[in-house]
Amino acid sequence: MQGQAQQQAYDRGITIFSPDGRLYQVEYAREAVKRGTASIGVRTEGGVVLAVDKRIRSELMERTSVEKIHKADDHIGIASAGHVADARQLIDFARRQAQVNRLRYGEAIGVETLTKEVTDHIQQYTQVGGARPFGVALIIGGIENGEPRLYETDPSGTPYEWKALAVGADRGEIQDYLEENYNEGADLDGGIELALRALATVNDDELSPEGVGVATIDAETESFLELTNDEIEEYLGEFELLADDTDEQTDEE
């Protein structure tokens, strides 16, 4: 009982380290990310692909209102997993930083610079009393100096750069698939195929166009483009992943 009481004392405050050096509230925030449906990022020679599972919890909900992929700037896209409201706050912050950079320096912000601005903001919420960490992980992808870049933000405020990654539910299984099948020389279509097939591994090897979101950031044009449902359906049909029925929906994004 005494050990349990001591742990409860440490997990009540974000500013208090446990004796073994842990911040329990940050770890709980990571658990919140795991409860969100999956998001995937793939870096290819032709650009960056973002794919998300955006299943909804009711057939009565407007599907267009479920947003897990966002445009941060002309050359940067962001996908999220975890608490939707937290993601929206961080994406609004990222958009402001991108615009400030254009106004102040007259040029587009770098993907790495924007990621570190966001993670610096996240980190502040791990050391301020009366606040809680953001319960969301972001995948930030874009083009910097003609080169595709792909980053992950963690609730602790740490940035990681990846060639391909997954965040959210079933991360381990999806990440294993990405590691086994990733091809560094793939083009954008190859990246889309890899992302959709990875997402399908945890959805009975089939997907519906309405339950999936896909966006690309092309390395040549440095432009963000979100695919329509019709375009996604064409890809799913080509890859033989098209589902007959919509799966059961979850509460988290």
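Worth pointing out:
- The number of residues in the range 187-207 that are open to solvent by less than 20 Å² (accessible area, probe 1.4 Å), more than 17 Å from Ala169 (Cβ to Cβ) and part of a loop (DSSP other than H, G, I, E, B) comes to 0.
- Any hit, the range 69-85, residues being open to solvent by 10 Å² or more (accessible area, probe 1.4 Å) and among the polar types (S, T, N, Q): no
- Among the residues of the range 138-168, those identified as more than 22 Å from Gln124 (Cβ to Cβ) and surrounded by fewer than 21 Cβ atoms within 10 Å (Cβ to Cβ) are Glu144, Asn145, Gly146, Glu147, Trp162, Lys163.
- Some residue of the range 123-136 being of a type in the set (A, V, I, L, M, F, W, C) and in contact with a Pro (Cβ under 7 Å, 6 or more places away or on another chain): yes
- Filter result for Glu184 (out of contact with any helix residue (DSSP H, G or I) (no Cβ under 7 Å at 6 or more places or on another chain), under 21 Å from Glu45 (Cα atoms), open to solvent by 10 Å² or more (accessible area, probe 1.4 Å) and not in a loop (DSSP other than H, G, I, E, B)): no
- Residue in the range 52-62 that is modelled with pLDDT of 95 or more and not charged (D, E, K, R) present: yes
- So Ile140, is it under 19 Å from Asp154 (Cβ atoms) and free of Cβ contacts under 8 Å to residues at least 40 places away in the same chain: no
- Single residue of Thr221, Thr216 found to be surrounded by 16 or more Cβ atoms within 10 Å (Cβ to Cβ) and not in a helix (DSSP H, G or I): Thr216
- Some residue of the range 23-46 being modelled with pLDDT of 95 or more, open to solvent by less than 20 Å² (accessible area, probe 1.4 Å), among the aliphatic types (A, V, I, L, M) and in a loop (DSSP other than H, G, I, E, B): yes
- Segments classed as strands (runs of 3 or more DSSP E), wholly inside the range 75-170, with at least 1 members that are farther than 25 Å from Tyr28 by Cα and touching a strand residue (DSSP E or B) at 6+ places or on another chain (Cβ under 6 Å): 76-82, 136-144, 147-153
- Screening Ser208 with (1) under 18 Å from Ile139 (Cβ atoms); (2) touching a Ser or Thr at 6+ places or on another chain (Cβ under 6 Å) gives one miss only, at (1).
- Hey, Thr15 of a type in the set (S, T, N, Q), in a loop (DSSP other than H, G, I, E, B) and open to solvent by 50 Å² or more (accessible area, probe 1.4 Å) or not: yes
- Filtering the range 102-134 to residues that are acidic (Asp, Glu) and either touching a helix residue (DSSP H, G or I) at 6+ places or on another chain (Cβ under 6 Å) or modelled with pLDDT under 95 (or both) leaves only Glu117.
The values are calculated or read from the model by the stated rules, or taken from the named source; none is laboratory data. Small disclaimer: the values here were computed from a predicted structure and weren't measured. Cβ: placed from backbone, ideal geometry, glycine included. Neighbour counts: every protein chain shown. Just so you know, the surface numbers come from the protein's heavy atoms only, side chains and all, with ligands and any DNA or RNA stripped out. Shrake-Rupley method; radii C 1.70, N 1.55, O 1.52, S 1.80 Å.
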